[in-house]
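This report refers to the structure that appears directly beneath it.
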């Protein structure tokens, strides 16, 4: 009877103990190999502080019918659009701000502030045994993270996904990158940097470039 009581106490203590950091039961743990969102940034001339981007993501959760892209503080988004890559069909996208987010009861994964902004993509609910692959296109303006310092292009932005690419504006040559990247040329001779990060952390992609003579 005493032994049974001790076992009960141990089980209760284990249940009350939160998962240790780094264990598979830790909510912060995620399978990096399943994070298949790919992002490509197309930088416009730095004096505009603007860049186009698209990112592809696979939706696996059965019954899910929305994808939410939260706009980073300090950035402004415009011209959002989305496409179902499996069918080629355009998808409905709406941009919600502050009280609109609260009113629609959409969970953006963080507290909603007056200047919070999110692009919400809607698609047919994912059926059991299937996935949905979508592409979202947007234009961002961010004077703090993308700017011209004298004649030097400065891109200072962090990436949280495994695969990210940055394509410099037409006529710009790479001066340096704070994080290792694969360098290549696009068909229209723009410099492309591909950043791969297998770790569960962020990459600070500080890039410097100048106009070619």
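Yes/no per residue for (1) closer than 15 Å to residue 39 by Cβ; (2) part of a strand (DSSP E or B):
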| position | (1), (2) |
| --- | --- |
| 136 | yes, yes |
| 157 | yes, yes |
| 169 | no, no |
| 176 | no, yes |
| 180 | no, no |
| 188 | no, no |
| 210 | no, yes |
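The rows are residues; the columns are (1) outside the structural domain of residue 201 (by TED's automatic domain parsing); (2) exposed (fewer than 13 other Cβ atoms within 10 Å of the Cβ); (3) over 29 Å from residue 97 (Cα atoms); (4) at pLDDT below 50.
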position: 24; (1), (2), (3), (4): yes, yes, yes, yes
position: 40; (1), (2), (3), (4): no, no, no, no
position: 43; (1), (2), (3), (4): no, no, no, no
position: 70; (1), (2), (3), (4): yes, no, no, no
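Screening residue 109 with (1) at pLDDT below 85; (2) part of a strand (DSSP E or B) gives one miss only, at (2). Screening 96, 153, 185, 148 for residues that are without any contact (Cβ under 8 Å) to a residue 60 or more places away in the chain and touching a helix residue (DSSP H, G or I) at 6+ places or on another chain (Cβ under 8 Å) leaves exactly one candidate, 96.
Table: residues versus (1) touching a strand residue (DSSP E or B) at 6+ places or on another chain (Cβ under 8 Å); (2) farther than 16 Å from residue 55 by Cα; (3) surrounded by 18 or more Cβ atoms within 10 Å (Cβ to Cβ); (4) at pLDDT 95 or above.
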{"site": "155", "(1), (2), (3), (4)": "yes, yes, yes, yes"}
{"site": "168", "(1), (2), (3), (4)": "yes, yes, yes, yes"}
{"site": "174", "(1), (2), (3), (4)": "yes, yes, no, yes"}
{"site": "179", "(1), (2), (3), (4)": "yes, yes, no, no"}
{"site": "184", "(1), (2), (3), (4)": "yes, yes, no, yes"}
{"site": "191", "(1), (2), (3), (4)": "yes, yes, yes, yes"}
{"site": "199", "(1), (2), (3), (4)": "no, yes, no, no"}
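Considering only residues that are in contact with a strand residue (DSSP E or B) (Cβ under 6 Å, 6 or more places away or on another chain) and either loosely packed, with under 13 Cβ neighbours inside 10 Å or farther than 14 Å from residue 68 by Cα (or both), which ones fall in the stretch 91-121? Answer for the stretch 91-121, where residues must be in contact with a strand residue (DSSP E or B) (Cβ under 6 Å, 6 or more places away or on another chain) and either loosely packed, with under 13 Cβ neighbours inside 10 Å or farther than 14 Å from residue 68 by Cα (or both): 92, 94. Checked against (1) touching a helix residue (DSSP H, G or I) at 6+ places or on another chain (Cβ under 8 Å); (2) closer than 17 Å to residue 42 by Cβ; (3) outside any strand (DSSP E or B), residue 198 passes all but a single condition, namely (2).
The values are calculated or read from the model by the stated rules, or taken from the named source; none is laboratory data. Only a predicted model underlies this, so the values are computations on that prediction, with no experimental measurement involved. Cβ: placed from backbone, ideal geometry, glycine included. Neighbour counts: every protein chain shown.
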